[in-house]
Every structure is written in structure tokens, then in C-alpha cells.
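Scroll down for the structure; my scribbles are underneath it.
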Amino acid sequence: MSAQKNALVTGSTSGIGLGVAEALCADGMNVMLNGFGDADEIEALRTRLSERYNVTVCYNDADMTKPDQIRGLIGDTVSKLGSVDVLVNNAGIQFVSPVEEFPEDKWDAIIAINLSSAFHTIKAVFADMKLRGHGRIINIASAHGLVASPYKSAYVAAKHGIIGLTKTIALEGAEHGVTCNAICPGYVRTPLVEKQIPDTAAARGMREDEVVQKVILEAQPTKQFVTVEQIGALAVFLCSHAAAQITGASHQIDGGWVAK
Ligand code: NAD
């Protein structure tokens, strides 16, 4: 079991964030959930995790585009759990379009949620992590933090940006027991990916089944999706004592995508 006690996972009502939150609960951590969704479903999720793993699970609906709500989320986590030992910056959105048609509001939203929100959460937890001499920060980047694809200008820019942020925070935390790493998944079959299949089909003039086979799985030499459980297990490892000297790194979990 990890020495870390309390974790905050942004965007954890769905997909990868939920998979990471569940893995941290299974490792014995208390978890603050965040993200959007149906209130009854989120409450059922919170109760299920808490009862199944015998840990405290809370929920805060902060909008990660709003710095004041992000500061409120950190304050609520400290007040309900006592500390933020593990911060997982996961909330993210996607939009697919040729750059000349890319809507400006979509660019702004992707940069705000996928990049700037991590700056605001880190800024709000960092002094306390340094003071207590331990902390784990994990940024869910992407294979698109290391390589590009067409029609994803904002997403690729934000994901490359968060890898730069990861390295900088690793250096600032290095002598204080605070590590900061990026996880770079390939394709995971979550709602975020499901939603971009029709958009990619339109942008490339392809059928949706062709997009899955020729664009999505074509990128991954294993020809298989990554699972949320595999990403959760990597996050648990990065929280462990064994990972104390792993910092500033980008961990690919992408079926060999960026090795090509
Ligand atoms: P998802 O759509 O299943 O989940 C996204 C989560 O973020 C949800 O909980 C949603 O409510 C939350 N969210 C969205 N906007 C928010 C906002 N403004 N404020 C608070 N919460 C908000 O997506 P996912 O595929 O699980 O993606 C999670 C992360 O993993 C993202 O950062 C994404 O870029 C990254 N990622 C996903 C894949 C993939 O193939 N699915 C691959 C690489 C990286």
C-alpha cells in the first residue's frame, strides 16, 4: 500500500480519471472526485467506491476552466480529507478540425481545461506539499504530448505544454520530496474518443468504422486500445516509494505508438 493517503483526481466522473481514482481507492487512498455528469450517477459512483474499498470518497463539481473554482476544489479537498498528497491532473476535452476552421472558443476551452487547470491546481497545492516534504503530481498528458496528428492543433499544443509544465514542476519539487510525472496514453476507448470518431470521419472524409481501424488503431502497433485499468496501475506505481526517484518523466503507455 502507498504511503500517500489523500488524492484528488480531476475529471474523474468518467473514463481514465475514473479508472485512476478507482485504482487509488483500491490502493487504500481517500479520493476527491471531480467532473461533470448526472448528480445521482455521481453519488452512486461515490458510494460504490467508498463502500467497496473502505475509504473516504468525496465529490466536488468545480469547473476546471474557472481558477476560483479550482482553488475552491483544493480548499474543499483539504477541508474534507486533510491534505492533498496525490494530485492527478486528468480533466480534458478534445476537438477535431482543420486549423483554418478551428473555432476560437474551442481553442480557448482546450487550453484552459487540458493545460491551464493543471497550473492552477499545482499552484494551489505545491507550497503545502513542499512544507510536508512529500507529494505526487501526475499529469495525464497523451501520446499527443510527444507527437502530433493533423486536425488536433489545440489538443496537441496543450499536451506538449503539459509535458513542459511537468518537467518544470519536477525540478521545483526535486529537493522537497515532491515528484511530478506525465502519463502519455495512446488511444483508450472512453467517451472522449467515442465523440471524436464522427468528427474525424468528417474531417478525413472516411466512414466511422474506417476511422477506428485506419486512424485510431493504425496508430498503435499492438492494434489494441489501452485500458483505464492499465493507466490506473501505472498511477499507483508512480505514487509508491519505488517511484521516489522517478520525476520529470513522460511515461508512454501507448501500444508502441511513439516508438514508430
Ligand atoms: P472522458 O471524456 O471520458 O472524461 C473526461 C473527464 O473530464 C470527465 O469526468 C469530465 O466530466 C471531465 N471534464 C471535462 N470538462 C471539465 C471541466 N471543465 N471541469 C471539470 N471536469 C471536466 O475523457 P478521457 O478519455 O477519460 O480523458 C481523460 C484525460 O485523458 C484527458 O486529459 C485526455 O486528454 C487524456 N487522454 C485520453 C486518451 C483517450 O484515448 N481517451 C488518450 C490520451 C490522453
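The values are calculated or read from the model by the stated rules, or taken from the named source; none is laboratory data. Remember, it's a predicted structure, so these values are computed and weren't measured experimentally. Please note: Cβ atoms are built from the backbone with ideal geometry, for glycine as well, and neighbour counts cover all protein chains shown. Side chains are part of the model used for accessible areas, which takes the heavy atoms of the whole protein and leaves out ligands, DNA and RNA. Shrake-Rupley method; radii C 1.70, N 1.55, O 1.52, S 1.80 Å.
Details
Residue-by-condition table, conditions (1) within 16 Å of the ligand (Cβ to nearest atom); (2) closer than 25 Å to ALA91 by Cα:
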| position | (1), (2) |
| --- | --- |
| PRO191 | yes, yes |
| ASP199 | yes, yes |
| ARG204 | no, no |
| GLN213 | yes, no |
| ILE216 | yes, yes |
| VAL228 | yes, yes |
| LEU234 | yes, yes |
| HIS241 | no, no |
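- Conditions (1) away from the ligand (no atom under 16 Å from the Cβ); (2) without any contact (Cβ under 8 Å) to a residue 60 or more places away in the chain; number of the one not met by ILE111: (1)
- Each residue in the stretch 230-248 was checked for being in a loop (DSSP other than H, G, I, E, B) and buried (at least 18 other Cβ atoms within 10 Å of the Cβ), and 1 pass.
- One residue from LEU73, LEU24 being of a type in the set (A, V, I, L, M, F, W, C), within 19 Å of the chain's Cα centre (by Cα) and within 13 Å of the ligand (Cβ to nearest atom): LEU73
- Note on the stretch 162-174: among residues that are touching a residue at least 24 places away in the same chain (Cβ under 8 Å) and open to solvent by 30 Å² or more (accessible area, probe 1.4 Å), the one that is nearest to GLN94 (Cα to Cα) is LEU165.
- Within the stretch 114-138, the only residue that satisfies the criterion of being touching a Cys at 6+ places or on another chain (Cβ under 7 Å) and either open to solvent by less than 10 Å² (accessible area, probe 1.4 Å) or within 11 Å of the ligand (Cβ to nearest atom) (or both) is ILE137.
- Checklist (1) open to solvent by 20 Å² or more (accessible area, probe 1.4 Å); (2) touching a residue at least 40 places away in the same chain (Cβ under 8 Å); (3) aliphatic (A, V, I, L, M) applied to ILE183, failing item: (1)
- Exactly one residue out of LEU8, LEU49 is aliphatic (A, V, I, L, M) and either in contact with a Ser or Thr (Cβ under 6 Å, 6 or more places away or on another chain) or closer than 17 Å to ALA182 by Cα (or both): that is LEU8.
- Looking across the stretch 92-108, the residues that are outside any loop (DSSP other than H, G, I, E, B), touching a helix residue (DSSP H, G or I) at 6+ places or on another chain (Cβ under 9 Å) and within 16 Å of the ligand (Cβ to nearest atom) come down to LYS106, TRP107, ASP108.
- On inspection, GLY92 qualifies as in contact (Cβ under 8 Å) with a residue 12 or more places away in the chain, surrounded by 19 or more Cβ atoms within 10 Å (Cβ to Cβ) and either touching a Phe, Trp or Tyr at 6+ places or on another chain (Cβ under 7 Å) or closer than 26 Å to LYS195 by Cα (or both).
- Here LEU87 fits the description: assigned to a strand (DSSP E or B), more than 11 Å from the ligand (Cβ to nearest atom) and either over 20 Å from ILE138 (Cα atoms) or assigned by TED's automatic domain parsing to the domain that holds THR179 (or both).
- Test: residue in the stretch 37-50 that is within 9 Å of the ligand (Cβ to nearest atom) and within 20 Å of the chain's Cα centre (by Cα): yes
- Condition check for ALA174: more than 15 Å from the ligand (Cβ to nearest atom), in a helix (DSSP H, G or I) and on the phi < 0 side of the Ramachandran plot: yes
- LYS167 meets all of the listed conditions (1) over 20 Å from HIS241 (Cβ atoms); (2) within 16 Å of the ligand (Cβ to nearest atom); (3) under 17 Å from the mean Cα position of the chain (by Cα) but one, namely (2).
- Residues (part of a loop (DSSP other than H, G, I, E, B) and open to solvent by 40 Å² or more (accessible area, probe 1.4 Å)) located in the stretch 1-52: MET1, ALA3, LYS5, SER14, PHE36, GLY37, ASP38
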